[in-house]
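Nothing in this text is a laboratory measurement; each read-out follows from the coordinates by a stated rule. Note that the structure is predicted; figures quoted are calculated from it, not measured. Glycine gets a Cβ as well: all are built from the backbone with ideal geometry, and neighbour counts include every protein chain shown.
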Amino acid sequence: MKVVIIEDEWLAQQELMNILAEIDPAIKVVACLKSVTKSVTWLKTHADEYDLLLMDIELSDGQSFEIFEQITIEHPVIFLTAYDEYAIRAFKVNSIDYLLKPIAQQELKNALLKYQKVTKRTTDISLPNLQQLLHSARGIYKDRFMIQIGDTYQSIPVDEIAYFFSDEKTTYAVVHSQQKFLLDQSLNELQTKLDPHQFFRVSRKYIVHIRSIKKVSKYFHSRLKLKLKLAIPEDILISRAKVSAFLEWMDG
């Protein structure tokens, strides 16, 4: 497997190379690129020299999404970033997976296994076929949760959940009838299992369903204030860094 790393921090590049070597010594890093400009230049002339892109989002001269606006990339991508608000946009391009920094070796290994499953299923790597396979590789998102209530179990369809929230390291699902159910998964874990077209991580504490939103208002310091259809005991504020991604998600 021939890999290109697009990452503007030298230490992060070295860490990725070390992790890849530990996962599989046969993996070859053919290039390390630090910027949008250098990436576009290299990828234009070396399209046949790599199999997979490991791509940070925030680069020294812009965001890596700008690369896709300038050239056509027909190879799978694994995004590596410290920011979770770009997940929706990442899956609109050739993304196999979206990993949050610091990168765990097992998470990267799982993403590489996902890539291998995709490539084994076809010899046609044309862009339409690749995108169809990537969509399939991401798997089917959860459509229900099994909840334990005392000595009994109850299955709750995802569509009945208005939002998830965490409190004192405990995670809850709140349904439209305002019932609250305890979950044994963190919001970070839930975020990978929920359909990103239906759910959005609006803050560290909340993941909301699109249909639970009643009103979005401008707030101080370029933030947004979210009002849900259900009454909640506190304001949900969307940080300035998440505003663009949130509005794009709302727009579909």
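Working out 0.36 nm times the residue gap between Thr37 and Gln154, then minus their Cα-Cα distance, what length gain in nm do you get to one decimal?
Difference between extended and current length: 36.8 nm.
Between Lys215 and Ala104, what is the label-point separation in nm under the 7 Å Cα-to-beta-carbon projection?
Taking the simple label geometry, Ala104 and Lys215 are separated by 4.0 nm.
Quickly work out the Tyr141-to-Glu248 label distance, labels modelled 7 Å from Cα along the C-beta direction, and quote it in nm with one decimal.
1.6 nm
Quote the Stokes-Einstein diffusion coefficient, in whole µm² s⁻¹, for the stretch 144-251, based on the Kirkwood radius over alpha carbon pairs, a temperature of 4 °C and a viscosity of 1.567 mPa s.
90 µm²/s
From the helices alone, meaning DSSP H stretches of at least four residues, give me the mean residue ellipticity at 222 nm for the chain, per-run term -39500 (n - 2.57), in deg cm²/dmol to the nearest 500.
-9500 deg cm²/dmol
Taking the dipole about the Cα centre of the chain, with the C-beta of Lys and Arg at +1 and of Asp and Glu at -1, give me whichever of Gln198, His176, Ile57 is farthest to the positive side.
Of the options given, the answer is His176.
Among Lys2/Lys142; Lys2/Lys34; Lys101/Lys215; Lys169/Lys193; Lys109/Lys142, which pairs are too far apart, with a Cα-Cα distance over 25 Å?
Lys2/Lys142; Lys101/Lys215
Give the average over all directions of the projected area of the C-alpha convex hull of the chain, one decimal, in nm².
Result: 15.5 nm².
Which three lengths, in whole Å and largest first, does the stretch 41-83 cover when its Cα atoms are put on their principal axes?
For the stretch 41-83, the Cα extents along the three principal axes come out at 30, 18, 14 Å.
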